[in-house]
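Let me begin by presenting the structure, written as structure tokens, before commenting on it.
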Amino acid sequence: MIGNIIKTSVVLVIGTTMINAGSFNTQAEKDRKALVSYFMKKFSNPAKNKTLFPYANSKDFENLMPVKKVEDFRLGSYAYNKEGRSQYDEINEMPPYEDNVDAGEELYNKTKGIKQCFPDPTIAGEYPKFDQKKGKVVTISVAIDNCLKANGQKPWKMTKGKIADLEAYFASKTKEAGKKVHITIPSKEAAEAYERGKKIYYSQRGYLKLSCATCHVQGAGNRVRREVLSPLLGHTTHFPVYRLKWQGLGTLERRIKGCEKNQGENPHKPGSQWMSEMLYFMAYMSNGLPVDGPDIRK
Amino acid sequence: MPKIKLFLAITVGIGIFGANAIAGDANLVKEGEKIFNTKKIGNCLACHAVNGKNINNPGNLGPKLQGLSAWPKQALYDKVYNPYTTNPTSAMPPFGLNGVLDDHQIKAVVAYLKTIK
């Protein structure tokens, strides 16, 4: 009898914590599911959803491949951009980032404090994280920066160089382990940070008054000049990337800087609250997708 | 009601073009074309193909521009100045409102748009 009560209360306790833990991400889950169903509808058969590509002509539709699985969005626009995809597959036969992964491994083993801060390197899918003690969002770049500072080291640039190499190592270990993006929203404060990030993403920015969503939600699959726009879904899964344009590796923060300039905006600092909260929102949208970094992009 | 009147007054106010500045001015058309096709200025080709003109890899975030020669100059001016007046959810930047293009530049762009069949 008592045993039964205990069992029931344990079940209840677990039950309520689950409800509580669940409740902080209720809105985020709704948003994520809506986004997944929007993109699956849009891309499972682009030619059948012409209203979602209002200005595309028949040649544009010929270049749009159907996307069958939600996981494919980790490839960005190469999930549906036929021409881009064949170039991507070609370059991927000899990935140009392998030296960066090796350099990252060496940094991991030799930089004072790093191994202690990150005993498990398969963590690329866990960031950004909401740090309950600090009451703020911590991105992987910020976590590395904090670790360097705590160990009396000179900080690294957050856009390229050592930090990109180390993040490439984390990403490749995470990918090897078959792990997925797993972003949590553990508290009310975290949910508020998520909401602020979402608001940033959907607001018109810069003197061109474009929002990120104009190009990467409604605009995804359409073109700016020749560039086929990639979807928000999957945007954070594969960084850092080796960009042909950069002739090198860069972090997510570096990539976003370029887009902010496209909006006519003065880019925000990597590591700022603005950047961290936007990345928190973006990464949550990719929850459940496989970690797939590092990768290559044009 | 008074609001509508004020709005009309403003529209008409902007509407008084320097008539001889625009009329058939080939240089102005050229200037407008350059603004349209230059990344650092109008960069309109990022989003628009143009009927009957040879544009280098135009985007398709906006419609292919056609039949604009039939539009009143004022409607074209308003569209480029602030597309939200006719389409509050437009994805097109408000080039006048945001100060990217000045009055003269918009008039040049309008002169170019008027050549689009």
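Observations on the structure shown:
- Top of A:252, A:75, A:148 by mean-square fluctuation, Gaussian network on chain A, Cα under 10 Å: A:148
- Look at the stretch A:202-208: the mean tally of other chain Cβ atoms within 10 Å of its residues' Cβ atoms is 3.
- Across peptide B:85-91, the average count of Cβ atoms from other chains found within 10 Å of a residue's Cβ is 2.
- List B:110, A:224, ordered by accessible area with a 1.4 Å probe, largest first: A:224, B:110
- Per residue, the average separation of C-alpha pairs within less than 8 Å and at least 6 apart gives chain A a relative contact order of 24 percent.
- Distance between modelled label sites at residue A:37 and residue B:115, nm, 7 Å Cα→Cβ extension: 5.0
- Using Cβ point charges alone (K and R +1, D and E -1), the dipole size of the protein assembly as shown about the Cα centre works out to roughly 820 debye.
- Inter-label distance, nm, simple model (7 Å from Cα along the C-beta direction), residue A:273/residue A:48: 4.6
- Calculated FRET value between residue B:71 and residue A:82, using beta carbons and R₀ = 30 Å, to 0.05: 0.25
- Shape analysis of chain A yields a ratio of the Cα radius of gyration to the Kirkwood radius, Rg/Rh, of 1.00.
- Dipole in debye (nearest 20) - segment A:98-176, about Cα centre, beta carbon charges: Lys, Arg +1; Asp, Glu -1: 580
- Inter-label distance, residue A:203 to residue A:26: 2.6 nm, where each label sits 7 Å from its Cα along the C-beta direction.
- Residue (of A:193, A:75, A:270) at the positive-pole extreme of the protein assembly as shown, dipole from beta-carbon charges: A:193
- Rounded, prolate or oblate (a/c below 1.5 giving rounded, otherwise prolate when a/b exceeds b/c) for segment B:40-117 by Cα gyration tensor: rounded
- For residue B:57 and residue A:162, the FRET efficiency from 1/(1 + (r/R0)^6), where r spans their Cβ atoms and R0 equals 30 Å, is about 0.25.
- Ranking A:63, B:115, B:61 by Cα position along the charge dipole of the protein assembly as shown, where only Lys, Arg, Asp and Glu carry charges on their C-beta atoms, puts B:115 farthest toward the positive end.
- Linear extension gain, residue A:117 paired with residue A:98, 0.36 nm per residue minus alpha-carbon span: 4.4 nm
- Each Lys and Arg Cβ is given +1 and each Asp and Glu Cβ -1; about its Cα centre, segment A:112-240 then shows a dipole of about 340 debye.
- Inter-chain shielding of B:50-58 (mean C-beta neighbours from other protein chains, 10 Å cut-off): 1
The values are calculated or read from the model by the stated rules, or taken from the named source; none is laboratory data. Just so you know, these numbers come straight off a predicted model, no measurement behind them. Glycine gets a Cβ as well: all are built from the backbone with ideal geometry, and neighbour counts include every protein chain shown. Heads up: the accessible areas ignore ligands, DNA and RNA and are worked out on the full protein's heavy atoms, side chains in. Shrake-Rupley method; radii C 1.70, N 1.55, O 1.52, S 1.80 Å.
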